[in-house]
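K.L.:
This is the structure I have questions about; it appears just below.
Where a number appears in this text, it was derived from the coordinates with a stated rule and is not lab data. Not measured: the values here are computed from a predicted model. When we count neighbours, we look across all protein chains shown, and the Cβ atoms used for this are built from the backbone with ideal geometry, even at glycine.
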Amino acid sequence: MTLPSTPPRRIVIIGGVAGGMSAATRLRRLDESLDIVVVERTNHVSYANCGLPYYVGGVITERQSLLLQTPASLGARFRLDVRVATEVTAIDPDQRVVTLRAITDGVESTLGYDELVLSPGARPVVPPIPGIERALALRSVEDTDRLSSAVALATGATAGPATAVVIGGGFIGLEVAENLAHRGMRVSLVEATDQVMAPLDPEMAAIVHARLRDQGVDLHLSDAVTSISEHRVELASGASLPADLVVAAIGVRPETALATAAGVALGPRGGIAVDEHFATNVEHVWAIGDAVEKIDGLTAEHTLVPLANTANRQGRVLADVLCGRSGKDRPTLGTAIVSVFGLTVAVTGLNEKRLRAAGRPVRVIHTHPASHASYYPGAETMSIKLLVDPDTDAILGAQAVGGDGVDKRIDVIATAIAGGLTASDLADLELAYAPPYGSAKDPVNMLGYVDQNLATGLTRSIQWHELADAMAAGEAVIDVRTEGEFAAGAIPGAINLPLDELRERLTELPEGPLVVHCAVGVRGHAAARLLAEHGRESRNLDGGYKTWVVSPAATSIALAS
């Protein structure tokens with residue numbers, strides 16, 4: 001007598017791309033016996049999502065290069081049952097059954113599961129603006145095809161350059177704006193807040209604003225779209241922008257409708273709530289990726305971080321959990337990077353805005369080092385900002401804007417945060433050095449040196465946004481740059497006493513406390529130490545004139561004059 005065989009354990013995954021496909025392929029590598037079904041409502045289950053803007057811009061020329069795997073290739077290599085153009089319309093957690101609907105013909109069917117993985121991603125924010133239906137999004141390959149076709153039509157329809165309006169100044173908005181400009185379009189970018197890239201602090205975002213304007217982008221900050229017509233976009237400020245093409249890149253929200261209908265609980269930020277092993281409150285239902293809430297690695301608060309790296313890792317770890325291996329989620333630092341017309345912008349951890357809003361004390365350090373040894377050809381200046389807990393010396397976050405080398409400095413700092421290193425520990429890191437790649441004192445080491453000086457009280461600093469109040473209170477500003485540098489641009493009211501002459505001209509210093517500064521802070525530090533040795537109290541303007549001149553403080557003075 002032949003006994004009936006036990007059917008294989010079936011795991012159904014809703015949603016492919018980063019999280020879903022990482023889970024599916026890892027599951028197969030761990031367990032050959034599993035029945036793995038991936039359900040994806042678009043026509044593409046595995047593609048390079050982050051490369052989509054660059055295909056629109058013509059930087060990536062082959063559409064096929066974005067398509068990493070197909071249902072056929074995934075079936076051949078991993079024996080996965082991948083069903084594209086198929087939507088899950090309902091989940092019955094009691095019966096452990098999902099209802100499927102084919103997008104092409106609407107035919108419905110049901111599919112049982114032993115374990116269900118939700119990886120539905122996030123959906124674009126679409127505000128109720130008259131005419132918003134004209135705006136295109138960029139989340140999927142289908143979106144990319146529509147946008148590429150619209151760009152080709154717009155640029156081919158007129159003798160002169162076509163016009164585009166991008167709504168939203170986040171990562172995707174900036175990438176889209178750059179790539180539309182690369183296609184020869186005249187681009188306007190509208191952002192409702194007073195800066196692009198919310199993770200940046202204002203003085204760092206100002207560098208990005210300058211690059212956008214230098215590249216011809218018509219930047220509208222602190223403004224909002226009120227209506228969209230066939231060829232124009234109207235703003236709350238009264239501005240009317242030409243728009244053969246409109247792209248909405250306002251942000252994304254977790255895709256949670258299917259989950260909530262099945263009784264899955266959401267967290268305080270509106271994403272799917274999961275424990276450290278990605279289990280939801282519904283038995284046998286798990287969730288990963290952009291749809292789920294994460295834990296901030298520095299505040300322990302719930303947060304939403306729609307990043308591919310995080311989704312990929314979550315899919316891999318969940319596969320381990322489902323196969324009985326150890327694994328749990330990690331807190332997130334929100335480490336991210338974007339290219340803006342050749343300018344690299346990278347962040348990790350918290351920014352000063354969030355820290356100040358939370359009432360947390362913070363030590364702030366700005367530096368402007370060269371990307372590699374300055375005497376080696378091609379060195380570029382970068383701007384780095386480090387945020388430190390003044391009580392514990394813990395690194396709270398960092399931002400960097402510049403050219404070559406920005407990525408590796410932020411990655412080193414993100415790794416230092418994850419490893420529990422203090423800001424002073426950065427001084428002692430042994431980092432690879434050769435003139436084409438760095439300096440003997442790497443920019444990361446320099447951050448540690450500055451922190452050590454501040455932490456031990458060897459020197460004191462003052463921030464760009466504190467300078468006006470200090471001057472109003474009677475503190476004199478001493479500019480220790482050369483006379484030529486001073487003549488080319490200076491802080492109003494500053495006194496020029498070049499560093500190399502300062503020792504002999506101490507009698508010319510005003511009475512009372514002083515603020516000293518140079519171009520980037522290095523000579524300012526030397527001046528502050530010289531003055532301390534002669535019994536004079538001073539503070540060094542953090543980041544020097546280079547930080548101050550791009551800040552809102554300098555902008556307000558320019559507007560007033």
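K.L.:
Dividing the convex hull volume of the alpha carbon atoms of the stretch 145-211 by its residue count, what do you get in Å³ per residue?
P.N.:
Convex hull of Cα atoms, per residue: 83 Å³.
K.L.:
Then there's this: In the chain, with Lys and Arg counted as +1 and Asp and Glu as -1 at Cβ, which of these residues, I295, L509, L530, has the Cα nearest the positive end of the dipole, that is, farthest along it?
P.N.:
Farthest towards the positive pole: I295.
K.L.:
Excluding residues on the same chain fewer than 8 positions from K353, give the lysines whose Cα lies under 22 Å from its Cα.
P.N.:
By straight Cα distance, K353 reaches K294, K385, K546.
K.L.:
I need the phi-derived Karplus couplings for the stretch 83-100: 6.51 cos²θ - 1.76 cosθ + 1.60, θ = phi - 60°, integer Hz, Gly and Pro marked x.
P.N.:
10, 8, 6, 9, 10, 7, 9, 7, 10, 10, x, 5, 8, 6, 9, 10, 9, 10
K.L.:
With n ≥ 4 as the cut-off for DSSP H runs, can you work out [θ] at 222 nm for the chain, using -39500 (n - 2.57) per run divided by the number of residues, rounded to the nearest 500?
P.N.:
Taken over the chain, the calculation gives -8500 deg cm²/dmol.
K.L.:
Separate question: Order of F278, F171, F78, F341 from fewest to most other C-beta atoms within 10 Å?
P.N.:
Working: F278 26, F171 23, F78 19, F341 16.
So the residues, fewest neighbours to most, are F341, F78, F171, F278.
K.L.:
While we're looking at this one, here's another question. Compute the Rg to Rh ratio over the chain from the alpha carbon atoms, using the Kirkwood formula for Rh, and round to two decimal places.
P.N.:
Details: Rg = 27.2 Å, Rh = 26.3 Å.
Looking at the chain, the ratio lands at 1.03.
K.L.:
Still on this model: Counting other beta carbons within 10 Å of each residue's own, what order do T89, T422 fall into, fewest first? Could you put the intermediate results ahead of the total?
P.N.:
On the way: T89 13, T422 18.
Ascending number of Cβ neighbours within 10 Å: T89, T422.
K.L.:
Hey, another quick one. To the nearest 20 debye, what charge dipole does the stretch 492-561 have about its Cα centre, counting +1 at the Cβ of each Lys and Arg and -1 at the Cβ of each Asp and Glu?
P.N.:
Values: 7 positive and 8 negative charges, 41 e Å.
Approximately 200 debye in magnitude.
K.L.:
Related question: Which whole-number percent is the relative contact order of the stretch 342-455 (Cα, under 8 Å, 6+ apart)? Please report the intermediate quantities before stating the final value.
P.N.:
Working: 218 pairs, mean separation 32.3, N = 114.
About 28 percent, as a whole number.
K.L.:
While we're on this one: Compute the Kirkwood hydrodynamic radius of the stretch 132-250, taking the inverse of the mean of 1/r over all pairs of distinct Cα atoms, and give it in Å to one decimal. Each step should come with its number before you reach the end.
P.N.:
Numbers: mean 1/r = 0.0701 Å⁻¹.
For the stretch 132-250, inverting the mean 1/r across all distinct Cα pairs yields 14.3 Å.
K.L.:
At q = 0.10, 0.22, 0.24 Å⁻¹, what base-10 log of I(q)/I(0) does the Debye formula yield for the stretch 342-455 when every alpha carbon is treated as an equal point scatterer in vacuo?
P.N.:
-0.27, -1.21, -1.40
K.L.:
Taking neighbour Cβ counts within 10 Å as the exposure measure, how do Y55, Y375 sort from fewest upward? Numbers along the way, then the final one.
P.N.:
On the way: Y55 22, Y375 9.
Arranged by neighbour count, lowest to highest, Y55, Y375 become Y375, Y55.
K.L.:
Along each of its three principal axes, how wide is the spread of alpha-carbon positions in the stretch 211-253, in whole angstrom units, largest first?
P.N.:
Principal-axis extents of the stretch 211-253 (Cα, largest first): 29, 28, 21 Å.
K.L.:
Semi-axes, largest first, in whole Å: what does sqrt of 5 times each Cα gyration tensor eigenvalue give for the stretch 83-174?
P.N.:
On the way: eigenvalues 282, 51, 27 Å².
Value: 38, 16, 12 Å, ordered largest first.
K.L.:
Of all the C-alpha pairs in the stretch 238-396, what % are more than 28 Å from each other? Could the numbers behind the result be given before it?
P.N.:
On the way: 5450 of 12561 pairs.
Within the stretch 238-396, distances greater than 28 Å cover 43 percent of Cα pairs.
K.L.:
Which ³J(HN,Hα) values, rounded to whole Hz and listed in residue order, are derived for the stretch 379-389 from phi using the Karplus coefficients 6.51, -1.76 and 1.60 in 6.51 cos²θ - 1.76 cosθ + 1.60 with θ = phi - 60°, glycine and proline given as x?
P.N.:
With coefficients 6.51, -1.76 and 1.60, one gets 5, 10, 7, 10, 10, 10, 10, 10, 10, 10, 6 Hz.
K.L.:
Please give me the summed charge of the neighbours of A394: other residues whose Cβ is under 12 Å from its Cβ, Lys and Arg +1, Asp and Glu -1.
P.N.:
Details: positive: R360, R363; negative: D389, D391, D393, D425, D451.
Net charge in that neighbourhood comes out at -3.
K.L.:
While we're looking at this one, here's another question. Work through the residues other than G315 whose Cβ is under 13 Å from its Cβ and net out their charges, Lys, Arg +1 and Asp, Glu -1. Intermediate values should be presented prior to the final figure.
P.N.:
Numbers: positive: R26, R28, R29, R313, R316; negative: D290, D320, D329.
Taking every Cβ under 13 Å from that of G315, the sum is +2.
K.L.:
To continue, here is another question. Report the net charge of residues surrounding T482, where surrounding means a beta-carbon distance below 11 angstrom and charges are Lys +1, Arg +1, Asp -1, Glu -1.
P.N.:
On the way: positive: R481, R523; negative: D479, E483, E485, D500, E501.
Local net charge: -3.
K.L.:
Okay, next question. Pop out the Kirkwood hydrodynamic radius of the stretch 461-560 from its pairwise C-alpha distances, inverse of mean 1/r, in Å to one decimal. Could you put the intermediate results ahead of the total?
P.N.:
Numbers: mean 1/r = 0.0753 Å⁻¹.
Roughly 13.3 Å, rounded to one decimal.
K.L.:
DSSP beta bridges in the chain, what fraction antiparallel, as a percent rounded to 5? Intermediate values should be presented prior to the final figure.
P.N.:
Details: 50 of 92 bridges.
In the chain, approximately 55 percent of DSSP beta bridges are antiparallel ones.
K.L.:
Given the C-alpha centroids of the stretch 242-265 and the stretch 333-377, what is the distance between them in whole angstrom?
P.N.:
29
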